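Peer 1: This is the structure I have questions about; it appears just below.
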Amino acid sequence: MKPTLYRHPHGITAVDAEYLYPGHAAAHIIVDAGRAAFVDVGTNSSVPYLLGALDELGIGREAVDYLLLTHVHLDHAGGAGTLMRELPNARALLHPRGAPHMIDPARLIAGSQAVYGEERFRRMYGELLPIAPERVRAVADGERIRLGGRTLELLHAPGHAQHHYVILDRAHASIFSGDTFGISYRALDTEKGAFITPSTVPTQFDPQQHIASIDRMLSLRPESIYLMHFSRVSDIPRLGDSLKEQIGALARMARAHAADADPASGIRADMLALWRTLARAHGCRLPDGELEHAFDGDLTLNTQGLIAWLARTGELGRGAKVQP
């Protein structure tokens, strides 16, 4: 399949993973001195596009050294087992908490089916193939790897998920952030730049950890951050401040509705109102219906994640519904 590519500086190419719809999820390829690495890979359905991207870039499959999987949520890592079968020299690098789930995805499948339902899970993700243990490596916080002539640092970054890390390319002032630095769809860009929202999805969202991980990234003073949803953003201090303010606001919203009989309705409504207000202040001119449609999937998953966080901390009211 012919991939849609976005060329960025410093040997970085974003590949549209064609997950849900074009422009929603980007896998990134880093190339240096003839060697390559993928940062996140999308789903099984994304794999033909990623292989097509290698062909278009003139990169042999044997030249791919790493799959750098920031975390094992399936939009990031669901296609890893299938892709690894096409890359004879690649190793999958994961956080120690995530690595076992790529070797034996049974618990990952069960957890995802609990969120999406079995039928939707099969339709979206298909069969998750395991990766042989000898091809999986768990990485320590601060571990450095070589890719061609460049050094990449892998930094643990909990908050969105406990098993999350980000990739620092210090020489080029860049970070590949998975979902820890939020979501920024290009359709919401304005003359003021990118618009960003946090991702508080089930089941491991923690606001304090999330803000601490964002602060850690900001302390590195990156010029650009590469997001799975969707690719390169700059003006990082502004975006980081916005993310931290929103995470605090979402946590307060969740607590305000914790005792409701149906907390999901209130949380979702308040979240949509916040994002609509912020988007309008940012200069976004999409009609309200289109704006809500753009936010729809994230509203649902973020609401589920906030409710799971309340339940985990014991703050969810006894009469509340756990699922939105």
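The values are calculated or read from the model by the stated rules, or taken from the named source; none is laboratory data. Remember, it's a predicted structure, so these values are computed and weren't measured experimentally. When we count neighbours, we look across all protein chains shown, and the Cβ atoms used for this are built from the backbone with ideal geometry, even at glycine.
Peer 1: Could we say that residue 312 is surrounded by 19 or more Cβ atoms within 10 Å (Cβ to Cβ), of a type in the set (D, E, K, R) and under 23 Å from residue 203 (Cα atoms) here?
Peer 2: Working: surrounded by 19 or more Cβ atoms within 10 Å (Cβ to Cβ): no; of a type in the set (D, E, K, R): yes; under 23 Å from residue 203 (Cα atoms): yes.
Here the answer is no, as residue 312 does not meet what is asked.
Peer 1: Hey, among the residues in region 109-144 that are within 18 Å of residue 178 (Cα to Cα) and aliphatic (A, V, I, L, M), which one's surrounded by the most Cβ atoms within 10 Å (Cβ to Cβ)?
Peer 2: 139
Peer 1: Now for a different question. Taking the conditions exactly as written (assigned to a helix (DSSP H, G or I), within 15 Å of residue 184 (Cα to Cα), touching a strand residue (DSSP E or B) at 6+ places or on another chain (Cβ under 9 Å) and at pLDDT 95 or above), does residue 299 satisfy them or not? I'd like the intermediate steps shown before the answer.
Peer 2: On the way: assigned to a helix (DSSP H, G or I): yes; within 15 Å of residue 184 (Cα to Cα): yes; touching a strand residue (DSSP E or B) at 6+ places or on another chain (Cβ under 9 Å): no; at pLDDT 95 or above: yes.
Judged against the criteria, residue 299 is not a match.
Peer 1: Out of the residues in region 256-267 that are surrounded by fewer than 23 Cβ atoms within 10 Å (Cβ to Cβ) and in contact with a helix residue (DSSP H, G or I) (Cβ under 7 Å, 6 or more places away or on another chain), which is farthest from residue 69 (Cα to Cα)?
Peer 2: Taking region 256-267 first, the residues surrounded by fewer than 23 Cβ atoms within 10 Å (Cβ to Cβ) are 256, 258-262, 264-266.
Narrowing further to those that are in contact with a helix residue (DSSP H, G or I) (Cβ under 7 Å, 6 or more places away or on another chain): 258, 260, 264.
On the way: 258: 34, 260: 38, 264: 31 Å.
Here the residue is 260.
Peer 1: Check every one of the strands (runs of 3 or more DSSP E) wholly within region 126-166 and list those with 1 or more residues that are under 20 Å from residue 64 (Cβ atoms), basic (Lys, Arg) and out of contact with any His (no Cβ under 9 Å at 6 or more places or on another chain). Write out each step before concluding.
Peer 2: Details: elements: 136-138, 143-147, 150-156.
Output list reads 136-138, 143-147.
Peer 1: Any idea which of (1) surrounded by 19 or more Cβ atoms within 10 Å (Cβ to Cβ); (2) under 30 Å from residue 174 (Cβ atoms); (3) under 22 Å from the mean Cα position of the chain (by Cα); (4) not polar (S, T, N, Q) is the one residue 284 doesn't satisfy?
Peer 2: (3)
Peer 1: Among (1) surrounded by fewer than 18 Cβ atoms within 10 Å (Cβ to Cβ); (2) farther than 24 Å from residue 20 by Cα; (3) at pLDDT 95 or above, there is one condition residue 276 misses while meeting the rest; what is its number?
Peer 2: Checking residue 276 against (1) surrounded by fewer than 18 Cβ atoms within 10 Å (Cβ to Cβ); (2) farther than 24 Å from residue 20 by Cα; (3) at pLDDT 95 or above, the one that fails is (2).
Peer 1: Could you say which residue among 181, 176, 205 is under 16 Å from the mean Cα position of the chain (by Cα), assigned to a loop (DSSP other than H, G, I, E, B) and under 18 Å from residue 8 (Cβ atoms)? Give the steps one after another, and end with the answer.
Peer 2: Working: 176 fails: assigned to a loop (DSSP other than H, G, I, E, B); 205 fails: under 18 Å from residue 8 (Cβ atoms).
Going through 181, 176, 205 in turn, the sole match is 181.
Peer 1: Further question: Report, by residue number, each residue of region 218-232 that is part of a loop (DSSP other than H, G, I, E, B), closer than 11 Å to residue 181 by Cβ and in contact (Cβ under 8 Å) with a residue 60 or more places away in the chain. Lay out the reasoning, then the answer.
Peer 2: Of region 218-232, the ones part of a loop (DSSP other than H, G, I, E, B) are 220-223, 228-230.
If we keep only those that are closer than 11 Å to residue 181 by Cβ too, we end up with 222, 228-229.
Matches in region 218-232: 228, 229.
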